[in-house]
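The values are calculated or read from the model by the stated rules, or taken from the named source; none is laboratory data. Keep in mind that this is a model prediction, so the values were computed, not measured. Note that we place each Cβ from the backbone using ideal geometry, even for glycine, and neighbour counts take in every protein chain shown.
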Amino acid sequence: MAELSLAKVIINISHESVDRPFTYIIPESLKERVNLGSAVSVPFGAGNTLKKGYVVELTDHTDVAPEKLKEIADVPDKDISLSDKRIALAAWMKRNYGSTMIAALKTVIPVKEKVKESVKKTVVRKKTPEEIEAYITGNKRNAAQLRLLNALLDEERIPKSILDDKLHILASTYKKLEELGFIDIEEERIVRGAVSMNVAHDSHMKLSPAQQTIVDEVRDDFDKNIHKTYLIHGITGSGKTEVYMQIIDDVIGRGRQAIVLIPEISLTYQTLMRFYKRFGDRVCVMNSTLSKGEKYDIYRQAIEGEVDIVIGPRSALFTPFNNLGVIIIDEEHEGTYKSETMPKYHARETAIELARMNNASVILGSATPSIDSYYRAKIGEYKLFTLTERLTGNQLPNVIVSDLRKELREGNRSILSRDLQELIEDRLNKNEQIMLFLNRRGMAGFVSCRACGFVVKCPHCDVSLSLHRNGKLVCHYCGYTTDNYKNCPQCGSKYILGFKAGTEQVEEIVQKMYPKARTLRMDADTTKKKESYEEILSRFLDHEADILIGTQMIVKGHDFKNVTLMGVLAADMSLFAADYRAPEKTFDLLTQAAGRAGRGDKPGDVVIQTYQPDHYAISFSVDQDYEGFYEEEIGYRDLMDYPPAAHMLSVLVTGADEKACEALAANLAMGVREHFKTLVIGPAPASVSKINDVYRQVFYLKHKSYDALVEIKDFLEAALSTRKQFKESVFFDFDPQNGY
């Protein structure tokens, strides 16, 4: 069959059908026109009825007898349909990120699943604002009731789902207020995923001159049929969301639709209510709690033109709008926009390609833009706007850096610096709340000296070495290995150790030091149950605890008015993770953590504890100086050929047989070296070298050209396709966000 050119074609474009492609012969006359993702006309069934299908694979191998194969009849030339666009996007994702076409199709096509009819519940205010205010004045203790009643002062009708999810209202609170006659809960059978609010749309907020400039320029470009990618670098409180809404309003006025991507944790009650009040029932929200059936109904509403705006995390990007006009990606620096499953696509680049296919625009926004996006804005690929004026009126918190080297020299071996201890005592006396953030990213085990701050790093890759259980220090980029140190090579101190602190240990220490303080802990262990996350936040919001101790999940998206102190414990844990993006992630985390304090009327303080107070990621975060941080960081990226100065491809090889896995990784790496005459870093064991008895080897490639890495990926895919007994799995990750 090697002489035949074959195509695998799916006939019915639905999530359930993409696993069942049929093989067809590509006739000589159509070879130039049949490509991956092409719409084709093929004979199907006993009657050979011509049906439309899509090419999901090109091959020259098949187990079907040649005489049983049919030929592709035609490649129709006509307007591209919505299904054609999805196929084309899946083909683009397969090429640019590496995966099977079927995996890419399953990413862009929704699952159709029948579930029982849903009931929408709406909480309706039954008493006058004056009666509610009188009740609030006399009942200051029940915080949950106060949250609900205050929300109803602003809005007479609110979907119960929003109150449950974003204000953490429990059933007992609804029941009590119903009994008191303050609220009624209306039920309405609805289409799954729909949101309907009988509210008058908000009038447009008057924009600042800087905000208006952005809106005007995007509108003028749209008038000229110019569609760009725009990056809004706006500090916290500068009004990025209002700019988004003005642009969306203009796009909808033109009969187009909008997709708004927001990290899941940033889907706050306040943000959603602003969109609902502005655009009414033309808004749908996607999140991880929706069933497959609910997500499918949102897709159906989009196709049928029942909604204009979909808000949600990364997966909302694939909402099948017929006339998409704008894609907005808020907090565009967040790592959650990169998929961790094949295809490992990035929502930003995928959004830009989707916008190109739909003649639409892309708006990126962040207070701390990703280095990748800011670099592209600097070289002119994106249009950069900057908002430096803070419109909220709140002052930025006062930031104190505690040098843990000095603390150790002066006899303090506690996990809490003296500055932080004093401020915790002060806030407890004032009945104000405290958050303690343990930065656990990168706990795979870098080693540093507590006396002088020295960190053991790879001499070849400018990342920290990771401490393995056998006492060896290993670089997970190039495989460099050395023995662990007994004494610091820089100052001779015996205090050269790995980090082992966890949130549970921190909580125990805090409880011993402040026995009267009420503590809550939020980490992977305490949020295993479905509603535990909301329950912990609700309790802290109700001031049932004085101190909230947690990992990254406590520093993003939350707005606690009574929190006036944020303590960042061991900022170095992310600073020296074995990851070239570690300084960027640290700068972002510290900036976000600082933003949790002083969000109400009271001023806030932030204490950053570190062994590296002079590191640029920390010093620039203290000053909120993004531009300074960027210039320092991009210099290192350029020197080491890391993205975005160059591009990077990681190839992860996995297998149950350790020797076979090592051999395959070595063979693939050697093949690249010989065929492309290029530098290959590794292979070496991944940072987690075995998971569930599956071994993991990884190697890396760098190149100034992304297309050159795609060519190498294609070469490796072709090499793998000839291995019929191949049991290992190979995964590609372009410009990886996280190490292995």
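Considering only the range 660-672, I want to know if a residue exists there that is small (Gly, Ala, Ser), within 24 Å of the chain's Cα centre (by Cα) and either at pLDDT below 95 or not assigned by TED's automatic domain parsing to the domain that holds SER339 (or both). I'd like the intermediate steps shown before the answer.
The first filter runs over the range 660-672 and keeps only residues small (Gly, Ala, Ser), leaving 660, 663, 665-666, 669, 671.
Then drop every residue that is not within 24 Å of the chain's Cα centre (by Cα), which leaves none.
No, that holds for no residue.
Of these, TYR375, TYR382, which one is in contact with a Leu (Cβ under 7 Å, 6 or more places away or on another chain), in contact (Cβ under 8 Å) with a residue 24 or more places away in the chain, within 21 Å of THR229 (Cα to Cα) and of a type in the set (Phe, Trp, Tyr)?
TYR382 is the lone residue from the list that is in contact with a Leu (Cβ under 7 Å, 6 or more places away or on another chain), in contact (Cβ under 8 Å) with a residue 24 or more places away in the chain, within 21 Å of THR229 (Cα to Cα) and of a type in the set (Phe, Trp, Tyr).
Take GLY37 and tell me if it is closer than 24 Å to ASP735 by Cβ and either surrounded by fewer than 17 Cβ atoms within 10 Å (Cβ to Cβ) or touching a helix residue (DSSP H, G or I) at 6+ places or on another chain (Cβ under 9 Å) (or both).
Values: closer than 24 Å to ASP735 by Cβ: yes; either surrounded by fewer than 17 Cβ atoms within 10 Å (Cβ to Cβ) or touching a helix residue (DSSP H, G or I) at 6+ places or on another chain (Cβ under 9 Å) (or both): yes.
Yes, satisfied.
Is it the case that some residue within the range 368-381 is under 25 Å from THR551 (Cα atoms) and either touching a helix residue (DSSP H, G or I) at 6+ places or on another chain (Cβ under 7 Å) or assigned by TED's automatic domain parsing to the domain that holds PHE560 (or both)?
If we filter the range 368-381 for residues that are under 25 Å from THR551 (Cα atoms), which is where we start, we get 368-371.
Imposing the further condition that a residue be either touching a helix residue (DSSP H, G or I) at 6+ places or on another chain (Cβ under 7 Å) or assigned by TED's automatic domain parsing to the domain that holds PHE560 (or both) reduces the set to 368, 371.
The answer is yes, given that some residue of the range 368-381 is under 25 Å from THR551 (Cα atoms) and either touching a helix residue (DSSP H, G or I) at 6+ places or on another chain (Cβ under 7 Å) or assigned by TED's automatic domain parsing to the domain that holds PHE560 (or both).
Can you give me the number of residues within the range 416-438 that are closer than 12 Å to MET513 by Cα and in a loop (DSSP other than H, G, I, E, B)?
Number satisfying all stated conditions: 1.
In the range 123-146, what residues are of a type outside the set (A, V, I, L, M, F, W, C) and buried (at least 19 other Cβ atoms within 10 Å of the Cβ)? Explain how you work it out, then say what you get.
First, the residues of the range 123-146 that are of a type outside the set (A, V, I, L, M, F, W, C): 125-131, 133, 135, 137-142, 145.
Residues satisfying the conditions are ARG125, GLN145.
Does the range 184-200 contain at least one residue that is at pLDDT 85 or above, over 30 Å from GLU294 (Cβ atoms) and outside the structural domain of TYR276 (by TED's automatic domain parsing)? Can you show your working first?
Step one: of the range 184-200, the residues at pLDDT 85 or above are 184-186.
Restricting the remaining residues to those that are over 30 Å from GLU294 (Cβ atoms) gives none.
Within the range 184-200, none of the residues are at pLDDT 85 or above, over 30 Å from GLU294 (Cβ atoms) and outside the structural domain of TYR276 (by TED's automatic domain parsing).
Answer yes if at least one residue in the range 637-655 is β-branched (Val, Ile, Thr), in contact with a Leu (Cβ under 8 Å, 6 or more places away or on another chain) and at pLDDT 90 or above, and no otherwise. Outline the logic, then answer.
Residues of the range 637-655 β-branched (Val, Ile, Thr): 651, 653-654.
Right, trim to in contact with a Leu (Cβ under 8 Å, 6 or more places away or on another chain) and you get 651, 653.
Narrowing the set further to residues that are at pLDDT 90 or above leaves 651, 653.
Looking through the range 637-655, at least one residue is β-branched (Val, Ile, Thr), in contact with a Leu (Cβ under 8 Å, 6 or more places away or on another chain) and at pLDDT 90 or above.
Return the residue satisfying two criteria in turn: it lies in the range 34-68 and is hydroxyl-bearing (Ser, Thr, Tyr) and in contact (Cβ under 8 Å) with a residue 24 or more places away in the chain, and of such residues it is nearest to THR23 (Cα to Cα).
The initial filter retains those residues of the range 34-68 that are hydroxyl-bearing (Ser, Thr, Tyr), namely 38, 41, 49, 54, 59, 62.
Next, only the ones that are in contact (Cβ under 8 Å) with a residue 24 or more places away in the chain stay: 38, 41, 54, 59, 62.
Details: SER38: 14, SER41: 13, TYR54: 11, THR59: 9, THR62: 8 Å.
Step by step, filter the range 34-68, then rank; the result is THR62.
In the list VAL55, VAL40, which residue meets the criterion of being more than 24 Å from THR722 (Cβ to Cβ) and in contact with a Lys or Arg (Cβ under 8 Å, 6 or more places away or on another chain)? Spell out how you get there, then give the answer.
Numbers: VAL55 fails: more than 24 Å from THR722 (Cβ to Cβ).
Going through VAL55, VAL40 in turn, the sole match is VAL40.
Would you check which residues across the range 505-525 are out of contact with any helix residue (DSSP H, G or I) (no Cβ under 6 Å at 6 or more places or on another chain) and at pLDDT below 85 and list them?
Filtering the range 505-525 down to residues out of contact with any helix residue (DSSP H, G or I) (no Cβ under 6 Å at 6 or more places or on another chain) leaves 505-516, 518, 524-525.
Correct list: GLN505, ALA524, ASP525.
Among the residues that make up the range 49-59, is at least one of them part of a loop (DSSP other than H, G, I, E, B) and assigned by TED's automatic domain parsing to the domain that holds ILE87?
Keep residues of the range 49-59 that are part of a loop (DSSP other than H, G, I, E, B), which gives none.
For the range 49-59, residues part of a loop (DSSP other than H, G, I, E, B) and assigned by TED's automatic domain parsing to the domain that holds ILE87: absent.
So ILE681 ticks every box in (1) without any contact (Cβ under 8 Å) to a residue 60 or more places away in the chain; (2) out of contact with any helix residue (DSSP H, G or I) (no Cβ under 6 Å at 6 or more places or on another chain) but one. Which box is left unticked?
(1)
Pairs under 7 Å by beta carbon, first residue in the same structural domain as LEU170 (by TED's automatic domain parsing) and touching a residue at least 60 places away in the same chain (Cβ under 8 Å) in the range 123-145, partner among the charged types (D, E, K, R) and part of a helix (DSSP H, G or I), six or more apart or different chains?
Note: pairs meeting the criteria are VAL123/LYS160.
Which of the residues that make up the range 657-677 are in contact with a strand residue (DSSP E or B) (Cβ under 9 Å, 6 or more places away or on another chain) and outside any helix (DSSP H, G or I)?
If the condition is that a residue be in contact with a strand residue (DSSP E or B) (Cβ under 9 Å, 6 or more places away or on another chain) and outside any helix (DSSP H, G or I), then ASP657 is the only one that fits.
On the given criteria, is ASP588 touching a His at 6+ places or on another chain (Cβ under 7 Å) and crowded, with 20+ Cβ neighbours inside 10 Å? Please lay out each step first, then the result.
Details: touching a His at 6+ places or on another chain (Cβ under 7 Å): yes; crowded, with 20+ Cβ neighbours inside 10 Å: yes.
Criteria met by ASP588.
I'm checking my understanding of the structure. Among residues of the range 674-689 that are within 22 Å of THR722 (Cα to Cα) and surrounded by 14 or more Cβ atoms within 10 Å (Cβ to Cβ), which one is nearest to the chain's Cα centre (by Cα)? Walk me through it before giving the result.
Step one: list which residues in the range 674-689 are within 22 Å of THR722 (Cα to Cα), which gives 674-676, 683.
Subsequent filtering for residues that are surrounded by 14 or more Cβ atoms within 10 Å (Cβ to Cβ) retains 676, 683.
Numbers: PHE676: 34, PRO683: 28 Å.
Selected residue: PRO683.
Kindly list, by first and then second residue, each pair from a residue in the range 623-634 that is without any contact (Cβ under 8 Å) to a residue 60 or more places away in the chain to a residue that is part of a helix (DSSP H, G or I), limited to pairs with Cβ atoms under 6 Å and residues at least 6 apart or on different chains.
If the second residue must be part of a helix (DSSP H, G or I), the pairs left are GLY628/PHE620; PHE629/PHE587; PHE629/PHE620; GLU632/TYR616.
For the subset of the range 678-697 comprising residues that are outside any strand (DSSP E or B) and in contact with a strand residue (DSSP E or B) (Cβ under 9 Å, 6 or more places away or on another chain), which member is farthest from CYS458 (Cα to Cα)?
We begin by selecting, within the range 678-697, every residue outside any strand (DSSP E or B); these are 678-679, 692-693.
Those still in the list that are in contact with a strand residue (DSSP E or B) (Cβ under 9 Å, 6 or more places away or on another chain) too: 678-679.
On the way: THR678: 22, LEU679: 18 Å.
Among residues in the range 678-697 that are outside any strand (DSSP E or B) and in contact with a strand residue (DSSP E or B) (Cβ under 9 Å, 6 or more places away or on another chain), the one farthest from CYS458 (Cα to Cα) is THR678.
Output yes when any residue across the range 110-129 is modelled with pLDDT of 85 or more, part of a helix (DSSP H, G or I) and among the β-branched types (Val, Ile, Thr), and no when none is.
Among the residues of the range 110-129, not one is modelled with pLDDT of 85 or more, part of a helix (DSSP H, G or I) and among the β-branched types (Val, Ile, Thr), which makes the answer no.
Kindly check whether there is at least one residue in the range 634-642 that is over 30 Å from LYS702 (Cβ atoms), assigned to a loop (DSSP other than H, G, I, E, B) and not polar (S, T, N, Q).
Looking through the range 634-642, none of the residues is over 30 Å from LYS702 (Cβ atoms), assigned to a loop (DSSP other than H, G, I, E, B) and not polar (S, T, N, Q).
For (1) within 30 Å of GLU508 (Cβ to Cβ); (2) within 21 Å of the chain's Cα centre (by Cα); (3) not assigned by TED's automatic domain parsing to the domain that holds GLU331, each residue gets a yes or a no:
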| site | (1), (2), (3) |
| --- | --- |
| VAL555 | yes, yes, yes |
| VAL607 | yes, no, yes |
| GLN612 | yes, no, yes |
| ASP625 | no, no, yes |
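Counting only residues that are among the basic types (Lys, Arg) and closer than 30 Å to ASP641 by Cα, which one in the range 424-479 is modelled with the lowest pLDDT? Show your work before the answer.
From the range 424-479, those among the basic types (Lys, Arg) are 427, 430, 440-441, 450, 457, 469, 472; that's our starting set.
From the residues that got through so far, the ones that are closer than 30 Å to ASP641 by Cα too are 440-441, 457, 472.
Details: ARG440: 62, ARG441: 47, LYS457: 83, LYS472: 83.
Filtering first and then ranking leaves ARG441.
Give the range 329-350 a look and list any residue that's within 24 Å of LYS240 (Cβ to Cβ) and either assigned to a loop (DSSP other than H, G, I, E, B) or more than 14 Å from the chain's Cα centre (by Cα) (or both), or say none. Can you show your working first?
Of all residues in the range 329-350, those within 24 Å of LYS240 (Cβ to Cβ) come to 329-338, 346-350.
GLU331, GLU332, HIS333, GLU334, listed by residue number.
Looking only at the range 287-305, count every residue that is of a type in the set (D, E, K, R), part of a loop (DSSP other than H, G, I, E, B) and touching a residue at least 12 places away in the same chain (Cβ under 8 Å) and tell me the total. It would help to see each step written out before you state the result.
In the first step, residues of the range 287-305 are kept if they are of a type in the set (D, E, K, R); the result is 292, 294-295, 297, 300, 304.
Now narrow it down to the ones that are part of a loop (DSSP other than H, G, I, E, B): 304.
Remaining after also requiring touching a residue at least 12 places away in the same chain (Cβ under 8 Å): none.
Qualifying residue count for the region: 0.
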